[in-house]
Structures are given as structure tokens and as C-alpha cells.
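A.B. asks: Have a look at this one.
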Amino acid sequence: MSAPLTSLDRPNSYIGRSVPRPNAKRLLAGRGRYVSDLRLPRMLHAAFLRSPHAHARIVAINTDEARTLEGVHLVATGGDLAKICTPWIGTLDHFKGMTSAPQLPLPLDRVVWAGQAVVAVVAESRAIAEDALELIEVDYEDLPVVVDIDSAREAGGPLVNPGSANNTCFRSQLDNGTVDDAFANAAHVVEEEFSFGRHTAVTLEPRAIVADYDPAAGMLTVHHATQTPYQFQDLYSRHYGIAEARVRVIATDIGGSFGMKLHVYHEDMAVVGLSILLGRPVKYVADRIESFVSDIHARDHRVRARMALDSRGEILAMDVLDLTSIGAFSTYPRTSVVEGNQVIRLIGAPYRFKNYRATLEVIFQNKVQTSQYRAVGHPIACAVTERLVDLAAAKLGLDPFAIRAQNVIADDAYPQTSPTGYRFEALSHQACLKRLHELMNYGALRVEQADLRKRSVYRGIGIATFVEITNPSPAFYGVGGARISSQDGAILSLTPSGEVRCLISVTEQGQGTEAIISQIVADQLGLAQEHVKVITGDTEVTPHGGATWACRGAGIGGETALQAARALKRNILEIAALILQEQPSALDIIDGEVVDAGTRNQRLPIAEIARIAYFRSDTLPPGTQAQLTVSHHFAPQGYPFAFTNGIQGCSLEVDVETGFVKLLKHFIVEDCGRVINPMLVDEQLRGGIVQGLGAALFEECRYSETGQLMNGSLADYLVPMPMEMPDIVIAHVETPTADTELGAKGVGEAGTAAASACVLNAVNDALAPFGATINAVPITPARVLKALKRF
Amino acid sequence: MSGFEDSLLDEVDETVRIRLVVNGRKVVCEVAPRHTLVDCLRDTLELTGTHAGCEMGACGACLVQLDGRAVHSCLVFAVQADGATVNTIEGLTESGVLAELQAEFHRRNALQCGFCTPGMLVNAHELLSRVAQPSREEIRDALSGNYCRCTGYEAIIDAIDTVAKARSENGGAT
Ligand code: FES
Ligand code: FES
């Protein structure tokens, strides 16, 4: 017996199919082309002298000896680059009242974090440049250092930016409803103060850039390991005063990015300037220590939150204060307040309640900047919400599944607007909860837990519901004045041999962007996937667009490709109709052949149409202009964001003697709308979860009292390794967005969003028999033992 | 010029001639004593398939075969490799010894950005040549010196597991 035919049985049906990534073969053979691999003729290498102080005045810099070292071509200080580069300020207009000091590639007279680049050396090799750094003398005069958030907020305390009134970057409040009344009348109130450590992306390939300024052509080419080449084209053009069309940014293979490689870094801006000053290609690749002290960090929040419930366990209200430390500057051009803003807007998002109040305070201190890193704000919002829900469940004697089932917004109650102002088109919390319950075999896990407890084995089960922001519209950055595109563009050409070339503005960092774009184009055009070549990441070649960040690659990039492919198909069929003396509507394309739409009888290969159009246009009717290249742009309309949702669960074991947590199994039910390539989606989820689990248990950028980063190496800063990570079970619910034909939403942050929350709930579940609780992430053995009063 | 600079210059200038067999070809390199094997492979020999992620032996991105064993090329000075046989991802690919692993990594999407991948493959190859049928736990353990920041490791474990099983079904050939 054969199963009924599905859309996947159609020829060339690639949407929804787990096909491998064509570009992965190259990477597997060691033929990646990462920026760190690049070597250009006459290329020089940059290295930076970094500040040993977290806050100091630069009194004098002596570079005389360094300049005379053989092989050194240039030693540049802040003043040298300030002559050619205009300063930048990391604020956005729609964050009313936010401030941040102007920044330059290298500082003029003051350093504001330990590790800040102060002097640049360009030499024939990186080693010689580093030798020269040792010959540079800088006189510093120590200034008071602001390290922890409490002292940063103290009135009259030291200032990160002398001259400003205080250390506040931004303050904002949401107040929706009658929060005080709701708490006054509540049957139950739960309350907790949370702290979330600073952590950082740790891409396996550090930041890398090769800037190549050609003075004769007045042309700047930058090979830049970034997700967002168009953004950098704009920035290099404006800050160095080079016409945009003469700035080319190429982002080929990127060794991991996760949001970290889309911010402006001082060294990267400096390298562009150094290349302009020298008229030669200059390369800079951060080493691992430099990555730790100068890549953006993220999270670092302290949140006080309470939740009011009625006697049956209905959530009535939430009241939140989020304090977040962002370092000495707000990043450019996306700012460092987006994370806090998302924390206060995503808290409580899965639940049906009306009264919400939140205050956000974003504070400067003498540390490296924090900014957008995978799942911006989500893990914090999710952990705060889900921990309070668990605390409420415990107080009311409800099961964690039961209290969530009772309070999540019903699947048939959409569209909905959250108390924080987010508009949800359609989410599926109820379906996901149900599915997770089965997937985990929850009943059996609880039985096993109870049995093991009798033998002093302490297992914990945790679940966490989440909402993820994807497909951001211009409401995200555009309205704030940032020149960051929310639209994407595609250029599709039929080649003379009947293949298709697709230039697209969404970029590839290993998620499989190129694979899914070729799937969509092949599917829509009726071609074999191997006949579609996708090209990304070169501003000179690919059309302008937002590129891949904030989970917009599939939802926005994919829709762009789909619409472009449909336009090219219309054009091909119009010419075919002329040749075949048919109506275009009577024709279709299957496997690269024009066929009769009804009978599927083959009529003509599209290669033949291309041949005629390109080489024998004289045989086409007079006036025919064969348009076998189409260019198409698409910007999201309708809902400002395509929100996705899901739920994670985990099972773990806490060793109450040592404080070690062993992850046993992790589960996720996720709804990202239309799934284009299930295998790639699942691997995105797994990768995201593992990053979230790292944050939950291991990762923390630790600073000394004087503002020194204490664990800036891969031996000291722990990232998850295979041995500690569990197998991850995945299931899907599909609620496509009706805003696009494709219906896809994002998935890249979903794994990270709820992993910490899940582990936090599970560890607390495991510790319940001891009456011990944990409210800080990462959950280190020391914190567990402290909670158990054994340390 | 001061004496300090002169001695610094001398040190930098002084290079050593080393001979290696890299990916089956005899090569001669002039290297400075401070150059590591990964520098020599990537910069001098332009074999950029070997990556550097930490340069301190923690991440495994730089694994190559040195005289048949997987070693961290960031922890070996180039001069120490004088007279050795080195196989990098490029050579191991050409010789075909990684073909099954590469095919299975591809099929299973056991890589994303691909930066960790050459090191993963070198390590997986070594594991399978030592242990014909490792358990998933043993695979996870063996890979614990190879960081991957993109995948959740599971696909990598799956791929290695699949190759190990297929080999033992085909008569235990290694
Ligand atoms: S670069 Fe050698 S182990 Fe990381
Ligand atoms: S695939 Fe990116 S580090 Fe492993």
C-alpha cells in the first residue's frame, strides 16, 4: 500500500525536505575561505597595544623606538586616525533620552576598559607588529574604576564618562494596567531577585578583517568576517568619507558569528583607516585573548520581579525591575539597550494577563561593551518568567505543566497584543505543551525521580515556555535612525545553459542560508536543486539588504527568493509561450523542462529558451524583450515581527556532594512556521540549545575589583564540550505566518532562548527536598553548594 | 640603534631550515624558532584547512596528523616537526581516508560554519582507527578536546557512530 501523495511527492519539491547543504562539502574538505585564511599581495599585518587599566588618562605615548624596528610600516595613535575617521555614537532615536559618548577607532586621551586598543602597529608580519608593541611606552594616570553595578548607580560615585551627570545610559518604564491594585488584591505573590552573568559568543574563528584601500581607484575593499556586509559598507563609506559605491565589503565563509560579528569594533574601524593611510592591504585577526577582552559580551542583568496570582493560580500581574550593565559605551550602530528593552518586553509573553509594569535601567561601567548576542534578551526574560511560574506552581501545589496549561494564551485566541505592546499573529503554546508532555514521557520521569530520591539520587525536571522575536521589520532599527535594512533583495538569472544563478542579500554563517535559498528557488521554478547556484555576501555583487541576523534569513530572505523565483518563472513561460504559440498559463516547468500545465507533457527544455533568447533573439517575434534576469526586493509588512514560540524541557541530576550538574536529556517542541529544511532547523535548534546550556552552567566573564577580565582564555572560560552535553529530542508544531507566501519564521534563537530557564527550573526541582533555591546563572557547583549551605 | 633592538632583530632574523613530508610531498621551509607548526602550515605552506581557534591546545581546531598521530599543531613548534610526516585535512581528503566520515558529516549536517570541522575529522579518524566500535559515550569523550560552537555535537556523534557501524558491518575494515 502506498501512502497518500503529499506536496513533497511533487517533482522538484524542495520546501520541507531535509537535503544536505551543498556548500558543506567544501568546508569538509578543508577548502573553506575564511577571512583569517586570506593573503593578498603586499598585505601587511596589524596588532594593537591594549590598555592594562580599566580607566586611566593617557598622559603620553612614546612610539619612537617601535617606528624604527625593521619591518614596521606604521605606528598609529588615536590622533592619527581621528584625522580621517569621523566619530560614532551608539544611540538610537526611538530610545528616548539614551546617551553614549562619541567613539573613535583609538582613544585620544582616556581609556575606559582593560583591553581597549590604544596604539596600532602595522608591520610585515603579525609577529613583528607584536615585537613593536613591546617597544611602545604609554604613560597612564589611573582614574577611579567603576566595576559593579551598585557602585555605578551610587549618586556622587565615580563616573565612567567624567562630564556626564551619572552612569545611566538609558532608563525606561512600561506601565500597563493597575499593577499595585492587582498585587494588593492577589491571593498569592511570588517574588525573586535574579542575576545573570556576563558571557560572550566565543565564535571558534575569532574576528577577522582585511582592509584593502586602493588610492589610485579611490576604492576600499574590505574582506570582513561579518554577518552584515551592507551595514559595514554604509559605515565605512560614511565614517571615512568614501562614496558608497566605492566601498566593497566581502563576507565569504564566517567561522561563527551569533550576532557578535555585526557590531562596530574599534580595531576593525582602525584597520580600515590604517589601510587608507598606507594604501596597502592590512589584515587583523584577533587572537583568543583579544577576543575575550574586546568582543562584545552579553546578558549581565540583575532582575527583581514579582508575580501576582489569584487563588486558582491565574496570573494577574507582573512587576519587574531590570538593571543591566553594558560597559563603557553603547555599541554602534545597534546600541546596547536592545537587550534590556527586549527583556522587559518579552517577560510574561506566553501568558494571558493584563497588568504589567517594568523599569529598565541601563548602566555604564568600565568593562567592554555588551550588546546583541544570540537570542537577545530572550534567555533572561524567559528565565525570570518561567522561574516565577514554577515558584507560583509550588506555592499553589500545582504541577508545572498544569499551571502553564492554565495560563498560556489559548491557541485559538489570536491575534493578541501582549501587555508590553507586542502583537502576536498566531502562536501555539497549548499544542506545544501537550506535545512536550508526551515527548518527555513526563509521568514516567516523575515516577523515576521519586524512586531515585529514595536512594538519595537527586534528579530535576524543568520546563520553560518561550516566545521568540523573528523577522524584524523597520520598527526594529530603521525607526531609530539606523541605516540597517529590513528589506532584502535577490537577483535571479537564467544562464544560457538553463541553470539559475541567485544573488541574494541574506548571508551564510553555516546555518544553511545558501541551501534553503536554493531549495526555495528550485522548488518555485521547477528545477533540480543542483542547477541553482546561490551567491551571498559581497556588496559589489549581491543586492542591498539586511542580511542574516535576528532570525530573518528564512522568513525574509526566503520570501524574497520565493517572489523572485516566481517572477523569473513568469518571464520564462512568457517567452516559452511565444515560441510554442501557447498561453503562458497553459505551461509549467518541471525538472527544467517546459511542460503542458495539464498533461505534464514535455514541450521544451528551458535551456532551449535561454539559447534562443540569448543567441537567436532574431527568431523571436519583433518587440520581444526577453527578461531572463529579474531583480526583486521584499520588505516585511503586516505584523512588525513574526513571533515564534515553543517549549523546552530537561532532565538532569545534581550531585549534592560536589554541586555538579549532569544534563541527562533535553527536549524541545518548537513552532517556527513553515519548515524549509527540517534537518537544518533541527541542527540550528541543537546548536542554540547548547549555547544556552553553556550559559546555564558554565559561561561567565569574571572581572576583578579593578576591572580586569580574569578568565580570558579557553582554558578558563568554559564552553560546553561534547561530553557534558546531552542528546536533544526535537518535535515541531507548524503555524505558518500568513504575512508571507512562504510562511516561514525564524528559528536561530529558539534553542538559546529557553535553555537556561529550563535548567534553572530543573536544578531547583532537584534541590526542592533540601529547601534550597538557586536564582543565579551560571549555575556553578559553588553556587549549588552554597544554596545547599555546604560551602 | 640600542643594543636591545639589535638583539631583537637578530632573533627575528634567525630562521631555521626544516624538512618535512607534508601530505605526501617533501617540503623545505625556512621557519623562525617561534613559529608553530600551525603557522608554518597555514602561512608558509598555504594549507589553510588547518585552523587556529585558541593557540593553546584547548579547542582542537588545529589538529593534524604528525607521524600518524593526531596532534595540536598550535602546541608544536615548527622546528620540532623537522623530519616528520604531517598530514593535514587537505592531504587526508585527497588520500580518501576521510571519505566515509566526510560523506556522513555531509549527509547528517554535522557542521555549520565548518571552522571546527577539519579538527573534528582528524580526531574522529584517529578514534576509529584505535577503537573499531566506540559507544556514543566514548565518541563524546574522545571529542571532548574539540570545541564546536555551532552544532549541538549530536550530529557529529551520530555521523561518527554511523561510520563506525557501517565499517563493522562491512567486515570490520578500518
Ligand atoms: S588552536 Fe590548537 S587547540 Fe585550539
Ligand atoms: S561548525 Fe562552527 S564551530 Fe563547529
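Read the figures in this text as sums done on the coordinates, not as results from a lab. Because the structure is a prediction, the values reported are computed rather than measured. Virtual Cβ from ideal backbone geometry, glycine too; neighbours counted across all protein chains shown.
A.B. asks: With unit charges on the beta carbon (Lys/Arg positive, Asp/Glu negative), name the residue among A:I289, A:P206, B:L41 whose Cα is farthest towards the positive pole of the charge dipole of the protein assembly as shown.
C.D. replies: A:P206
A.B. asks: Mind giving me the nanometre distance, one decimal, between the label points for A:R483 and A:D287, set 7 Å out from Cα along Cα→Cβ?
C.D. replies: 3.6
A.B. asks: Compute the length gained on full extension between A:N711 and A:E193: take 0.36 nm times their separation in residues and subtract their Cα-Cα distance, giving the result in nm to one decimal.
C.D. replies: Net length gain for the segment: 183.9 nm.
A.B. asks: List the lysines whose alpha-carbon lies under 23 Å from that of A:K83, not counting same-chain residues fewer than 8 positions away?
C.D. replies: Counting by Cα, and skipping residues close in sequence, A:K83 has these lysines nearby: A:K283.
A.B. asks: Per-residue mean of other chain beta-carbon atoms within 10 angstrom of the beta-carbon, peptide A:16-29?
C.D. replies: 5
A.B. asks: In what sequence, highest mean first, do A:321-330, A:771-780, A:689-698, A:288-297 appear when ranked by Cβ atoms within 10 angstrom?
C.D. replies: Sorting A:321-330, A:771-780, A:689-698, A:288-297 by mean packing, highest first, produces A:689-698, A:321-330, A:288-297, A:771-780.
A.B. asks: Enter the mean projected area of the convex hull around the alpha-carbon atoms of chain A, in nm², rounded to one decimal.
C.D. replies: Directional mean of the projected Cα hull area for chain A stands at 37.6 nm².
A.B. asks: Given contacts defined as C-alpha pairs under 8 Å and at least six residues apart, what's the relative contact order of region A:717-791, whole-number percent?
C.D. replies: In percent, rounded to a whole number, it is 15.
A.B. asks: Further, regarding this structure: If you split all Cα-Cα distances of region A:570-719 into 10 Å bins from zero, what percentages do you get per bin, shortest first?
C.D. replies: 8, 20, 16, 16, 13, 11, 11, 4, 0
A.B. asks: Let me have the relative contact order for chain A, percent, based on Cα pairs under 8 Å that are six or more residues apart.
C.D. replies: In percent, rounded to a whole number, it is 16.
A.B. asks: Could you please report the charge total around B:T162, scoring K, R as +1 and D, E as -1 over all other residues with beta-carbon less than 12 angstrom from its beta-carbon?
C.D. replies: For residues surrounding B:T162, the net value is 0.
A.B. asks: Next question, about the same structure. Efficiency by 1/(1 + (r/R0)^6): what FRET value for A:E448 and A:K96, r their Cβ-Cβ distance, R0 = 60 Å, to the nearest 0.05?
C.D. replies: 0.70
A.B. asks: To continue, here is another question. So how far, in whole Å, is the C-alpha centre of region A:672-707 from the one of region A:500-562?
C.D. replies: Spelled out, the Cα-based centre of one part sits 24 Å from the other.
A.B. asks: Another question about this same structure. Calculate the length of the line joining the C-alpha centroid of region B:124-166 to that of region A:609-643, in whole Å.
C.D. replies: Cα centres, region B:124-166 to region A:609-643: 47 Å.
A.B. asks: Averaged across A:718-730, how many Cβ atoms of other chains sit within 10 Å of each residue's Cβ atom?
C.D. replies: For peptide A:718-730, the averaged partner shielding equals 6.
A.B. asks: While we're here: Under 22 Å from the Cα of A:K786, which lysines turn up, not counting those fewer than eight places away in the same chain?
C.D. replies: A:K662
A.B. asks: Per DSSP H run of at least 4 residues, take -39500 (n - 2.57); add these up for chain A, divide by its residues and hand me the 222 nm value, nearest 500 deg cm²/dmol.
C.D. replies: -8500 deg cm²/dmol, from helical runs alone.
A.B. asks: Among A:K83, A:K367, rank each residue by its count of other Cβ atoms within 10 Å, from fewest to most, as a rough exposure measure.
C.D. replies: Arranged by neighbour count, lowest to highest, A:K83, A:K367 become A:K83, A:K367.
A.B. asks: Another question, then. At what distance in angstrom do the alpha carbon centres of region A:376-427 and region A:100-131 lie from each other?
C.D. replies: Each part reduced to its Cα centre gives a spacing of 46 Å.
A.B. asks: Placing unit charges on C-beta atoms (Lys and Arg positive, Asp and Glu negative, everything else neutral), compute the dipole magnitude of the protein assembly as shown about its Cα centre in debye, rounded to 20.
C.D. replies: About 1680 debye.
A.B. asks: Which aspartates and glutamates does A:K261 reach when only Cα atoms under 18 Å apart count, and residues fewer than 8 places away in its own chain are ignored?
C.D. replies: Output for A:K261: A:D37, A:E205, A:D234, A:D253, A:D287, A:E290, A:D295, A:E339, A:E508, A:D538, A:E749.
A.B. asks: Another question about this same structure. Between the DSSP loop rule and a limit of at most 13 other Cβ atoms within 10 Å, which trypsin sites (Lys or Arg not before Pro) in region A:722-791 are left?
C.D. replies: Here the trypsin sites (Lys or Arg not before Pro) that fit, given the DSSP loop and packing criteria, are A:K789, A:R790.
A.B. asks: Among the DSSP beta bridges whose two residues both lie in the protein assembly as shown, what percent are antiparallel, rounded to the nearest 5?
C.D. replies: So the antiparallel bridges amount to about 80 percent of the total.
A.B. asks: Continuing with the same structure: Could you give the nm distance between label points at A:T773 and B:S135, where each point is 7 Å from its Cα heading toward the beta carbon?
C.D. replies: 3.9
A.B. asks: May I ask you to sort B:S168, A:S172, A:S485, A:S756 by Cβ crowding, counting other Cβ atoms within 10 Å and putting the fewest first?
C.D. replies: Listing B:S168, A:S172, A:S485, A:S756 from fewest to most nearby Cβ atoms yields B:S168, A:S172, A:S485, A:S756.
A.B. asks: Modelling each spin label as a point 7 Å along the Cα-to-Cβ direction, I'd like the B:E46/B:S144 distance in nm, to one decimal.
C.D. replies: Between B:E46 and B:S144, the simple spin-label model gives 4.1 nm.
A.B. asks: Still on this model: Could you please rank A:D131, A:D618, A:D411, A:D716, placing first whichever residue has the fewest other Cβ atoms within 10 Å of its Cβ?
C.D. replies: Going from sparsest to densest Cβ surroundings: A:D618, A:D716, A:D411, A:D131.
A.B. asks: So if R0 is 35 Å, what FRET efficiency would B:D82 and A:T68 give, r being the distance between their Cβ atoms, rounded to the nearest 0.05?
C.D. replies: Approximately 0.55, to the nearest 0.05.
A.B. asks: Another one. Along the charge dipole of region A:321-364, which of A:Y356, A:V343, A:T331 sits closest to the positive end, that is, farthest toward it, with unit charges on the beta carbon of Lys, Arg, Asp and Glu (+1, +1, -1, -1)?
C.D. replies: A:Y356
A.B. asks: Could you work out the Kirkwood radius for region A:154-252, taking every pair of different alpha carbons, averaging 1/r and inverting it, reported in Å?
C.D. replies: After inverting the pairwise mean of 1/r, the radius is 19.5 Å.
A.B. asks: Given only helices, namely DSSP H runs of n ≥ 4 each adding -39500 (n - 2.57), what is the per-residue ellipticity at 222 nm of chain B, to the nearest 500 deg cm²/dmol?
C.D. replies: About -11500 deg cm²/dmol.
A.B. asks: What does the extension gain come out to for A:A475 and A:E540, with contour length at 0.36 nm per residue minus their alpha carbon separation?
C.D. replies: That works out to 20.7 nm of additional length.
A.B. asks: Can you work out ³J(HN,Hα) from phi for every residue in region B:44-49, in order, using Karplus 6.51 cos²θ - 1.76 cosθ + 1.60 and θ = phi - 60°, giving whole Hz and x for Gly and Pro?
C.D. replies: 7, 9, 6, 9, 7, x
A.B. asks: Let me ask another. Using only atoms on other chains, find how many Cβ atoms lie within 10 Å of each Cβ of peptide B:52-62 and report the average.
C.D. replies: Mean shielding by partner chains, rounded to a whole number: 6.
A.B. asks: Short version: what are the Cα gyration tensor semi-axes of region A:675-791, square root of 5 times each eigenvalue, largest first, in whole Å?
C.D. replies: Taking √(5λ) for each Cα gyration eigenvalue gives 33, 19, 13 Å.
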